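Each remark here refers to the structure printed beneath this line.
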Amino acid sequence: MNDIIKSIEAEQLKETVPVFHVGDTVKVYGKIKEGNRERIQVFEGTVLKKQGGGSRATFTVRKNSNGIGVEKTWPLHSPNVEKVEVVRRGKVRRAKLYYLRDRVGKRAKVKELVK
């Protein structure tokens, strides 16, 4: 039974998975259906967390929109996620950045990773 589930999940995985880490600022190109039309909307923000594995892997992106924090969780292998583009790399020392929820303004920024 377990092999059947694994084979079904393996079919749903994307061939090329975008490489990004927690703390990075990313642009997520998501497909949105409005009636019979379909368009792509860009959601740009900081990656707060990545979790799960296989076809259930998700990541959460947070942005500040008109002074209000907006978080959105995206499935990594979803057909509704067109692509994920890394705008800048972040320098962080932890896996989940929940502390950014309490911060406002410049304090809510993540330092940029310079190589």
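State yes or no: is LYS63 closer than 12 Å to LEU97 by Cβ and basic (Lys, Arg)?
So LYS63 does not fit the description; no.
Just to verify a result, which residue in segment 71-81, among those that are under 18 Å from THR25 (Cβ atoms) and not polar (S, T, N, Q), is nearest to the chain's Cα centre (by Cα)?
TRP74
Before we move on, is LYS115 assigned to a loop (DSSP other than H, G, I, E, B), exposed (fewer than 15 other Cβ atoms within 10 Å of the Cβ) and at pLDDT 90 or above?
So LYS115 does not fit the description; no.
What are the residue pairs meeting all of these: first residue in segment 1-22, first residue touching a residue at least 60 places away in the same chain (Cβ under 8 Å) and within 18 Å of PRO75 (Cα to Cα), second residue among the basic types (Lys, Arg) and assigned to a loop (DSSP other than H, G, I, E, B), Cβ atoms under 9 Å, and 6 or more apart or on different chains?
Hits for this filter: PHE20/ARG89; HIS21/ARG89; VAL22/ARG94; VAL22/LYS96.
Would you mind finding the one in VAL87, VAL42, VAL26 that is surrounded by 15 or more Cβ atoms within 10 Å (Cβ to Cβ), on the phi < 0 side of the Ramachandran plot, in contact (Cβ under 8 Å) with a residue 12 or more places away in the chain and not polar (S, T, N, Q)?
Checking each option against the conditions leaves just VAL26.
Give just the number: which of (1) surrounded by 14 or more Cβ atoms within 10 Å (Cβ to Cβ); (2) among the basic types (Lys, Arg); (3) part of a loop (DSSP other than H, G, I, E, B) does ARG94 not satisfy?
Every listed condition holds for ARG94 apart from (1).
I'm trying to understand the selection: among the residues of segment 2-46, which are of a type in the set (Gly, Ala, Ser) and in a strand (DSSP E or B)?
Those that are of a type in the set (Gly, Ala, Ser) and in a strand (DSSP E or B): GLY30, GLY45.
Has segment 49-65 got at least one residue that is aromatic (Phe, Trp, Tyr) and without any contact (Cβ under 8 Å) to a residue 60 or more places away in the chain?
Yes: segment 49-65 contains one or more residues that are aromatic (Phe, Trp, Tyr) and without any contact (Cβ under 8 Å) to a residue 60 or more places away in the chain.
Take ARG107 and tell me if it is outside any loop (DSSP other than H, G, I, E, B) and loosely packed, with under 12 Cβ neighbours inside 10 Å.
yes
Go through segment 59-70 and give me each residue that's over 10 Å from the mean Cα position of the chain (by Cα) and either of a type outside the set (Gly, Ala, Ser) or under 29 Å from GLU9 (Cα atoms) (or both).
Those that are over 10 Å from the mean Cα position of the chain (by Cα) and either of a type outside the set (Gly, Ala, Ser) or under 29 Å from GLU9 (Cα atoms) (or both): LYS63, ASN64, ASN66, ILE68, VAL70.
Tell me, please, whether a residue that is at pLDDT below 90 and within 14 Å of VAL47 (Cβ to Cβ) can be found in segment 90-97.
No, the conditions are met nowhere in segment 90-97.
Looking at segment 56-70, can you tell me whether even one residue there is exposed (fewer than 14 other Cβ atoms within 10 Å of the Cβ) and touching a strand residue (DSSP E or B) at 6+ places or on another chain (Cβ under 7 Å)?
yes
The values are calculated or read from the model by the stated rules, or taken from the named source; none is laboratory data. Keep in mind it's a predicted model, so treat the numbers as computed, not measured. Please note: Cβ atoms are built from the backbone with ideal geometry, for glycine as well, and neighbour counts cover all protein chains shown.
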